[in-house]
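Asks: Okay, here's the structure, questions in a sec.
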Amino acid sequence: MNKSLLFESSSSESWQHKAIKYLLYKTISEEDKNVREKSLEKYFNNRRADIYFKLHSGQEIVIEVQNSNISVKEIIKRTEDYNKKGVYVLWILHGEGNCVASPKVPKDDKKIRISTAEYFLHKIYGGRVYYVNLNSSRQKLIISTPFALHFSYSSNKKYRRMFTAKYDSYFIRNANFCLIPSWNLLCVKYNGFKIARFYDKSIKSVLKNSIFNFVIKKTKKNCNNCRILFKKQRSCSINQYCNFKSYNNNKLIKIVIKRFNEKYGKFFILQSILDLIKERKIDFNKYYIVKKLKRV
């Protein structure tokens, strides 16, 4: 897309917003074969959607591209207005726009700022926020592949509260990056909202799966007769005492934390372990994990 067509901002729309909107519309239209109808901008009574798609399933999706600062109240209002009409909403933020508290790029990062809008979207999208960035190449603008970031607490407790700078509030979090596997869109209901998203896995599910497989591998290495780590099976298949019982708390938990700490951070790892315990997938001491979480 030629830059000269985009550098003219209007009072209601910046050139970055125009560029992202057009390039998202063009790319998804070409890549997602489930799209039956499409429109760059579409009116729904008092609302004007940036991008509109209708899938072969009949589900309708609007994409809200956000470059400027926006309040949580406005995000809720827009989303609910579309949901009342049966329309699913996909929010995509410009990773270098005014809507973010600090620039977002597709990589893991520590102690970054996130706005209250990013914080809220993280909740309603099941532990992820979607971003795109614009890249310049000679006289052309290229949109990056959408990427997702998951935010988790820093291991330092002083960074867990809300901060205020002038008129803006923000949080400090660690970020984990997840690449979007395709441009295909998925409609789901989550946290009381009808949202559209990509076919990516949440970072937490990726971490939980990695921890589970790591524990299985470690345990099998120390107890060849051990079958699977469910609470229902505390003994080996040949009825000998399973070595996992003497290995399942302090020692193995420390090994798990050490293995994944650099990428995910201790707090996020302990949260994931606690989820696996509740799901009855690993037989760790729940109260020991809760105690460690309070200390982190």
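No value in this document is a laboratory result; all are computed from the given coordinates. Keep in mind the model is a prediction, meaning the values are calculated, not measured. Neighbour counts run over all protein chains shown; Cβ positions are idealised from the backbone, glycine included.
Asks: Which of the peptides 164-170, 194-200 is most tightly packed, and how do the rest follow, judged by the mean count of other Cβ atoms within 10 Å per residue?
Replies: Ranked by mean Cβ neighbours within 10 Å, highest first: 194-200, 164-170.
Asks: If each of Lys254 and Ser68 carries a label point 7 Å out from its Cα toward its Cβ, how far apart are those two points in nm?
Replies: A separation of 5.5 nm, rounded to one decimal place.
Asks: Moving on to the next point. Describe numerically, in nm with one decimal, the distance between label points set 7 Å from Cα along Cα→Cβ at Tyr190 and at Glu262.
Replies: 2.9 nm
Asks: By counting other Cβ atoms within 10 Å of each Cβ, how are Tyr22, Tyr287 ranked from fewest to most?
Replies: Neighbour counts put them in this order, fewest first: Tyr287, Tyr22.
Asks: Oh, and also: Using alpha-carbon pairs under 8 Å, 6+ residues apart, how would you state the relative contact order of the range 3-200 in percent?
Replies: Worked out over the range 3-200, it gives 18 percent.
Asks: What FRET efficiency do you get for Ser202 and Ser57 if R0 is 25 Å and r is their Cβ-Cβ distance, rounded to the nearest 0.05?
Replies: Using R0 = 25 Å, I get an efficiency of 0.65.
Asks: Can you tell me which of 50-59, 123-132 comes out highest on packing, and rank the rest after it, using the mean Cβ neighbours within 10 Å?
Replies: 123-132, 50-59
Asks: Return the long-range amide H neighbours of Asp108 (sequence gap of 5 or more, or a different chain), with a cut-off of under 5 Å between placed amide H atoms.
Replies: It is Phe177, by chain and number.
Asks: Multiply the residue separation of Arg48 and Phe163 by 0.36 nm, subtract the distance between their alpha-carbon atoms, and state the gained length in nm to one decimal.
Replies: The Arg48-Phe163 span can extend by a further 38.1 nm.
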